[in-house]
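The block underneath contains the structure these notes are about, expressed in structure tokens.
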Amino acid sequence: MSIRAIQHVQLAMPEGGEASARVFYEGLLGLPEQAKPPALATRGGAWFGNGHVDVHLGVEPGFRPATKAHPAFVVEDLAAMIETLAAAGHAAEVGVPIEGWHRVYVHDPFGNRIELMERSSP
């Protein structure tokens, strides 16, 4: 018995934030929106994924952003992503160095903390 993978990451968002979620997760991070199952679609929110990474944004009453807990996404061309995010008003904060990685933190439109990581060359 063992855990094999993460199927998806669930983050919370306030009611009515779907358009902002699409701009950030699909438009800036490049994760295409996925259709939610009909039984869940009435709850609001949005799902994004590319076959390797799935992020579900669910509407949470009394929403408060996750400012410490966060997903960490491995990205390709972190420098370009940082520029794209900064141009859209999502400035990156450099994380404490970890051997073998370049990493930064950004916040989604709702204030949730997101870590972006890229392997550094040996």
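Throughout, read-outs are computed from the coordinates displayed, never taken from laboratory work. Because the structure is a prediction, the values reported are computed rather than measured. Note that we place each Cβ from the backbone using ideal geometry, even for glycine, and neighbour counts take in every protein chain shown.
Observations
- Shown here for the stretch 40-122: GluC sites (Glu not before Pro) in loop regions (DSSP other than H, G, I, E, B) with at most 14 other Cβ atoms within 10 Å, namely Glu76, Glu99.
- Once backbone amide H atoms are built at 1.01 Å from N, Val53 has no partners under 5 Å, excluding neighbours fewer than 5 places away on the same chain.
- Sites listed here are trypsin sites (Lys or Arg not before Pro) in the stretch 53-122 whose DSSP assignment is loop and whose Cβ has at most 14 other Cβ atoms within 10 Å: Lys68.
- A simple count of charges around Glu118, restricted to other residues whose Cβ falls under 12 Å of its Cβ and scoring Lys, Arg +1 and Asp, Glu -1, yields -1.
- Springs join every pair of Cα atoms under 10 Å in this Gaussian network model of the chain, and among Val104, Val59, Val96 the largest mean-square fluctuation is at Val96.
- When you restrict to C-alpha pairs under 8 Å that are six or more residues apart and normalise by the size of the stretch 9-119, the relative contact order lands at 27 percent.
- Sites Ser120 and Ala39 - FRET efficiency at Förster radius 41 Å, r taken between beta-carbons, to 0.05: 0.40
- Helix 78-87 and the long axis of the chain differ in direction by around 60°, with both axes built from C-alpha atoms.
- For the chain, convex hull volume per residue from C-alpha positions, Å³: 140
- Under 5 Å, built H, 5+ apart or other chain: amide partners of Asn112: Ala66
- Of the GluC sites (Glu not before Pro) in the stretch 1-53, those whose Cβ has at most 16 other Cβ within 10 Å and which sit in DSSP loop: Glu15
- Amide H to amide H distances under 5 Å link Phe73 with Glu115, Leu116, Met117, where only residues 5 or more positions off or on other chains count and H is placed in the peptide plane.
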